[in-house]
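Report on the structure given below.
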């Protein structure tokens, strides 16, 4: 299949070749009800990044047991470019943080980001995390995030 346009997208009149990429990030939660803010997930700084999907898995620190289905946290997601936050408290909301399963999928299926989010090559993914498990099966644990998307390579 010889198609030079395959995988090419146009953003603001500039053409880019997309190359699939997953940006991994681990965050330790050490105590129940802990709020961790700010968190900055630095991007590699090679090319601009187009975020298309979000996933996470939660693992108990001491045993390595996967507790994704039972341990909950709230999360706020943003972009250092322009200090943009993508979750906003509206209609009298008390927090901008969203329950993890509503933002990252259910542990088996990712959450698709529609429309895709554009991050400049020197940007970082801004986050805040708040533990809400408040149970014996809660902290300490590690959240393994995966930010799915593509590098945008200028054509």
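The values are calculated or read from the model by the stated rules, or taken from the named source; none is laboratory data. What you are looking at is a predicted structure, and each value in this text was computed from that prediction instead of being measured. Note that we place each Cβ from the backbone using ideal geometry, even for glycine, and neighbour counts take in every protein chain shown.
In the range 31-44, which residue that is under 30 Å from residue 15 (Cα atoms) and assigned to a strand (DSSP E or B) is modelled with the lowest pLDDT?
Initially, the range 31-44 is screened for residues under 30 Å from residue 15 (Cα atoms), giving 40-44.
Of the ones still in play, those that are also assigned to a strand (DSSP E or B) are 40-42.
On the way: 40: 96, 41: 96, 42: 93.
The residue in question is 42.
Looking only at residues in the range 45-64 that are more than 15 Å from the chain's Cα centre (by Cα) and more than 19 Å from residue 132 (Cβ to Cβ), the one that is modelled with the lowest pLDDT is 45. Contact map, the range 13-40: residues that are in contact (Cβ under 8 Å) with a residue 12 or more places away in the chain paired with residues that are loosely packed, with under 13 Cβ neighbours inside 10 Å, Cβ distance under 7 Å, separation 6+ or inter-chain. Pairs shown: 14/154; 16/154; 32/134; 33/134. If you check residue 121 against the conditions, is it closer than 23 Å to residue 9 by Cα and modelled with pLDDT of 90 or more? When the stated conditions are applied, residue 121 passes them. Is it true that some residue in the range 57-68 is surrounded by 11 or more Cβ atoms within 10 Å (Cβ to Cβ) and more than 11 Å from residue 141 (Cα to Cα)? No - not one qualifying residue is present in the range 57-68. Please verify whether the range 90-103 includes one or more residues that are more than 16 Å from residue 131 (Cα to Cα) and surrounded by 12 or more Cβ atoms within 10 Å (Cβ to Cβ). The answer is no, given that none of the residues of the range 90-103 is more than 16 Å from residue 131 (Cα to Cα) and surrounded by 12 or more Cβ atoms within 10 Å (Cβ to Cβ).
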